[in-house]
2 protein chains.
Amino acid sequence: MASAALICDSEPWKDLKEHVNAIEKKHLRDLMNDVERCQLMMVYDISFGIYRCQYRDRWDTFGLFTARVRLDTIGKLLKLAEVAAQLRQKIDMMYNGDHINSTENRSVLHIALRAPRDKVICSDGKNVVPDVWYVLDKIKEFSERVRSGSWVGATGKALKDVVAIGIGGSFLGPLFVHNALQTDPEAADCARGRQLRFLANVDPVDVARNISGLNPETTLVVVVSKTFTTAETMLNARTMREWISSALGTQAVAKHMVAVSTNLMVNLYFSSQNKWTRLGEKSWSVWYSTSDLYHAIDVAVVSDHFMISSVLVEKFGIDPANTFAFWDWVGGRYSVCSAVGVLPLSLQYGFPIVEKFLNGASNIDNHFYSASFERNLPVLLGLLSVWNVTFLGYPARAILPYSQALEKFAPHIQQVSMESNGKGVSIDGIPLPFETGEIDFGEPGTNGQHSFYQLIHQGRVVPCDFIGSIKSQQPIYLKGEVVSNHDELMSNFFAQPDALAYGKSPEQLLQDSVPDHLVPHKTFSGNRPSLSLLLPSLDAYNIGKLLAIYEHRIAVEGFIWGINSFDQWGVELGKVLASQVRKQLHLSHTKREPVQGFNFSTTTLLTRYLEVEPGTPSDSTMLPRV
Amino acid sequence: MASAALICDSEPWKDLKEHVNAIEKKHLRDLMNDVERCQLMMVYDISFGIYRCQYRDRWDTFGLFTARVRLDTIGKLLKLAEVAAQLRQKIDMMYNGDHINSTENRSVLHIALRAPRDKVICSDGKNVVPDVWYVLDKIKEFSERVRSGSWVGATGKALKDVVAIGIGGSFLGPLFVHNALQTDPEAADCARGRQLRFLANVDPVDVARNISGLNPETTLVVVVSKTFTTAETMLNARTMREWISSALGTQAVAKHMVAVSTNLMVNLYFSSQNKWTRLGEKSWSVWYSTSDLYHAIDVAVVSDHFMISSVLVEKFGIDPANTFAFWDWVGGRYSVCSAVGVLPLSLQYGFPIVEKFLNGASNIDNHFYSASFERNLPVLLGLLSVWNVTFLGYPARAILPYSQALEKFAPHIQQVSMESNGKGVSIDGIPLPFETGEIDFGEPGTNGQHSFYQLIHQGRVVPCDFIGSIKSQQPIYLKGEVVSNHDELMSNFFAQPDALAYGKSPEQLLQDSVPDHLVPHKTFSGNRPSLSLLLPSLDAYNIGKLLAIYEHRIAVEGFIWGINSFDQWGVELGKVLASQVRKQLHLSHTKREPVQGFNFSTTTLLTRYLEVEPGTPSDSTMLPRV
């Protein structure tokens, strides 16, 4: 295919490959004695300096790398980034709206989703920030109406519960943020009396769990699908539509369901005397941005006199006025800052809280763009991950927030990272002779300590991300205890990186009078790298920062490896084969056709399934009895 | 240390190492054409035969391996198991109660927890089954009293909500089963009006989330700790005690809190005329079993006239009558079938449901013990995992239940597997020249498909476990749909193994008229192994089976590798270092002592934390405001 060079053929790469030998000779516990090196390994997210104790009073994200690197390793990694991978140019191209997602011919502009109103960020020569704010303002207004009770359901009751239907990034991103905000005192105050749930899995059991305890009269359903064709999301949407209409009648759907979607084929409406008139159907490519729309129809308008809406959304039965747009330059896994996340979160917490979250992410967007690489948190995080994965050969990464509020952070980042960087070819289509994206997994600490930490201390080497916060969302002090509950939690956060790095030698164990036969079992080899991220607190602003740090770190890894971190062709084949199975199940159920066209094993398994499964009573509807 | 041989020095191991070359030459899509091989790769959990289409009408667990093996590979693996690893003997030793957890000098007898009442299973020459049933009967009686409302709280109200405090296996196992049962129609009926929650993390935020919406008057707290000293569990227990006593007074604790614990130092009571008299304090080792107790005190008694209780439990304020015992031959990660899981689950669902779960696990215990290895589901699963991990070099395993009800299965198995097999030395203490336990992770399908499946299709090779069920817990049919919602889910379950195995070649893509520049991006290399487990349904019985299949599979892996899968020394060092940090935080807060005794990096981080963190107001108590 393409003739472009691979990063692994560059001199800085080869230099790092050789440098591994030097590092292999040094135990991390010895590297940790080099104070100058350790100072370099501490970084703020603000752009005015490496941490050298003089900015202690600032409450910013504090990153500390317990990495298997010498002072000169960082220089070599920066050279790889700057000289070989042209990281600066790639970041600039992203921020400039170039089509860096080349296989889909799209810009990658999730940074525009959280940009201030007056910022100019262009895609194809057009500033997209006004479009972003058009939708944000619309969400703000709509969510305030729902929350205040001025928008009501079909029977006149306020809508206090929201079920957001979406899958992948449309599910994991909003779920992570919702979980994180749930016990933040300010956010919790704003959410009193309200519920937000997420329906993702096409498994009917997930529907049953979501509708359990909910009343259709007081429930608003948000359907999130970029194209409004995602198989799981649309079947769940039709199921929830049935749940609403069977209880409240078909006409209730427009009051109880809204959509978040890009608009591929759109209907165009004009408003006059508070009445919407349909002007016709157009391909969205024509109306690329809201401002474009006005140019295209060649009239002077104010924004609320025209409206566009997806043809599919309308056919579904959703009021076109209640569709919230996003754009093809927003990847699903980067969509939490678009209407995908902002709408359900604003309904639950109010727009002002969500705006703080967006501001936090925007703060990191600025830092990532403007800070020099050696002081740049996402850049250093990304470079050290490449070092761990590619040069030291560690295939996985554990994400370990010492915070129950960040329970869903690891699953979200697992998605962002593994979908972005789990690739086998370069952006130019050349098969890679090295492995890229790591396997991400994790659970909150201290829970993980009583689960898989055994392996990370004495089994395989798994670089760990420890994430903690200085202030607790919900502090507890018990009279007579040695420390507060949050201090107890954080004692572990501070201890684990040193346990991993230093280990415990047989000599130390013998000094502790450990019996001979137990010494090998109680020995810790140490020399295991980690990262500590200390946040000032877990409010909406810092949650936004944390998200953006990881989003950009993952992009940096992909930029260095020279892959396209923004497509996901690997999910297509399973969908195609699932269609064949679906067709077979339909034919077998309705026409008793035998299983054919599959291999022996799958045929056997499918036959067994069909013999027992009762089939679809296609002329009747059945919902869960919960 | 020891001079015992390592498995990697055996002939069958070397033979398999060489055999890898033969396999590397074969693509999985070609191996799948060998029907005889594929028939061998299908296994029932029942002991009377490999599946050869003749037992179709039986509803049992059906395992199908899409493994990178030839017909002769299985023979070589069986030889490794039988000849080199002495798997038969090791299984027998486990079932015979030998101290196979040699570093802790303990039996490993979780199989006894689900054995029928009349079974004899001995530890140190004593049948432990009567002890197991003594506790089960006690749980049955107690849970019925609570559920019926005959046991009430301090203000006379029935206790309808349960918070179970525990961490690690005491948390993840019961949580998995609770989640799985939640929408099973029979279990859901039994749980109507009741709530079960789990408090694990020492993070005060986890307390806040657990007490949110609960009323102390109607809440029962179950404290689960083997030794009653686990730091997280005991601080959470003291916190919940404060929550209860600050609302209802100190005397309410005995009515609202119960314990699950082994009894290290015990108090001994004698009952006469409905009044308990304390006979004295004894070390539990003396009273190894309940029946032993009667011998020891040398009187003829019936079981309800004597009572033992942990000194620590009593000191805590829990009524000794409400302590539910388990034993040192139950590892935490295998404890869900002991009072650890059975008590909270019985309170929520009633004992008869939980008994079905135990019966399911027991069914697999029999199968594992009695089925010949080539027809033995856990043995084959374990052998193929060893093949994947050690011989093909895949470091991870994805656990992918196509079922929202199994949402917590992967986190539980992650714990069982990684804590069991994440070891670096043989059971004799010899450092291993090969890697053991794999990294386990997973999310329910189809959710995972929109998350990390990109990587498993086009990035690293990750062997996948697909788990599905023929019948849905909560079927949904919508009029006019092509298939039922469960069929839609299962279409993906059937499709994914073939997508992984077969892939899609550039030639096929060109035939599909894919543009040249996209061909490398849309190519799937295939050749990726997986396992499909098809269960008849997800009721309590089959959930028990699923659990036991994985427990024994993990044991088989450890038996082959020659490690001790039943200890967990790797979690100790972090605890020790956390104590040092706790001490420092206490001294810094109370006496303003500077941070000392830590390395430069940790000192900096701790100092930063202490400058901001407000410290413990040690003379007052503060609980979350939720």
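Observations on the structure shown:
- Exposure rank, largest accessible area first [A:K26, A:K479; 1.4 Å]: A:K479, A:K26
- If the convex hull is drawn through the Cα atoms of the range A:492-618, its volume per residue in Å³: 314
- Copy-to-copy label separations for A:N274, where each label sits 7 Å from Cα toward Cβ, in nm and ascending: 7.5
- Cα centroid of the range B:526-597 to Cα centroid of the range B:445-516, whole Å: 30
- Judged by the ratio a/c of the largest to the smallest principal axis of the C-alpha gyration tensor, the range B:82-135 counts as prolate, that ratio being 1.5 or greater while a/b is larger than b/c.
- Sequence of B:S525, A:S403 when ordered by accessible area, the most exposed leading, probe 1.4 angstrom: B:S525, A:S403
- Intensity falloff of the range B:469-537 expressed as log10 I(q)/I(0), Debye formula with alpha-carbon point scatterers, at q = 0.17, 0.24, 0.29 Å⁻¹: -0.77, -0.97, -1.20
- Pairs of alpha carbons in chain B whose separation is greater than 33 Å (percent): 51
- Solvent-accessible surface (1.4 Å probe) assigned to A:W569 amounts to roughly 40 Å².
- The figure for B:K423 is an accessible area of roughly 20 square angstrom, using a 1.4 Å probe on the protein chains alone.
- Chain B, closest residue to the rotation axis toward A, by beta-carbon, whole angstrom: B:F441, 2
- Equivalent ellipsoid of the range A:337-382: semi-axes from √(5λ) of the C-alpha gyration tensor, largest first, are 28, 9, 7 Å.
- Computed over the range A:576-625, the P(r) curve from all C-alpha pair distances, binned at 10 Å from the origin, holds 24, 51, 21, 4 percent per bin.
- Solvent-accessible surface, computed for protein heavy atoms with a probe of 1.4 Å, shrinks by 10 Å² or more for the following residues of the range A:189-220 when the other protein chains are added to the isolated chain: A:R192, A:N201, A:V202, A:D203, A:P204, A:V205, A:D206, A:A208, A:R209.
- Among the listed pairs A:K471/A:K545; B:K255/B:K356; B:K471/B:K545, a Cα-Cα separation exceeding 19 Å is found for B:K255/B:K356.
- The range A:136-221: translational diffusion in µm²/s, Stokes-Einstein, Kirkwood Rh over Cα pairs, 25 °C, 0.890 mPa s: 175
- With the biggest extent put first, the Cα atoms of the range A:211-257 measure 28, 23, 14 Å across the principal axes.
- Between B and A, roughly 14900 Å² of accessible area is buried in total, ligands, DNA and RNA not counted and the probe set to 1.4 Å.
- Mean separation of Cα contacts under 8 Å, 6 or more apart, over the residue count of chain A: relative contact order %: 19
- Residues in the protein assembly as shown average 33 Å² of solvent-accessible surface per residue, probe 1.4 Å, ligands and nucleic acids excluded.
- Descending principal axes extents, the protein assembly as shown, alpha-carbon based, whole Å: 102, 77, 68
- For the range B:218-257 and the range A:172-188, distance of Cα centres in Å: 27
- Across every direction, the projection of the convex hull enclosing the Cα atoms of the range A:399-461 has a mean area of 5.1 nm².
- Where only DSSP H runs of four or more residues are counted, the protein assembly as shown gives -13000 deg cm²/dmol as its mean residue ellipticity at 222 nm, each run worth -39500 (n - 2.57).
- For the range A:416-498, the convex hull drawn through the C-alpha positions has a volume of 141 cubic angstrom per residue.
- Comment: the Cα-to-Cβ extended label point of A:W151, at 7 Å, lies 4.8 nm from its counterparts in the other copies, nearest first.
- Whole-Hz ³J(HN,Hα) from phi, Karplus 6.51 cos²θ - 1.76 cosθ + 1.60, for the range A:367-382, glycine and proline x: 4, 4, 6, 10, 6, 5, 4, 6, 10, 9, 4, x, 5, 5, 4, x
- When B:K76, B:K255, B:K591 are compared by accessible area of protein heavy atoms, the largest-first order is B:K591, B:K255, B:K76, using a 1.4 Å probe.
- Theoretical FRET efficiency, 1/(1+(r/R0)^6), r = Cβ-Cβ of B:T229 and B:Q195, R0 41 Å, to 0.05: 0.90
- Rounded to the nearest 0.05, the FRET efficiency derived from the C-beta distance between A:N105 and A:Q511 at R0 = 60 Å is 0.40.
- Kirkwood-type radius of the range B:296-440, with distances r between different C-alpha atoms, in Å: 19.2
- FRET efficiency, A:D30 to A:T218 (Cβ-Cβ, R0 56 Å, nearest 0.05): 0.35
- Size of electric dipole in chain B: Cβ of Lys, Arg +1 and of Asp, Glu -1, about Cα centre, debye, nearest 20: 860
- Sulfur and carbon atoms: percent of accessible area, the range B:576-625 [1.4 Å]: 52
- Other-copy label distances relative to B:A247, 7 angstrom Cα-Cβ extension, nm: 2.8
The values are calculated or read from the model by the stated rules, or taken from the named source; none is laboratory data. Bear in mind that the values here come from a model prediction, so they are computed numbers and not experimental data. Backbone-built Cβ (ideal geometry, glycine too); neighbour counts: all protein chains shown. To get the accessible areas, we keep the full protein, side chains included, count just its heavy atoms, and leave off ligands, DNA and RNA. Shrake-Rupley method; radii C 1.70, N 1.55, O 1.52, S 1.80 Å.
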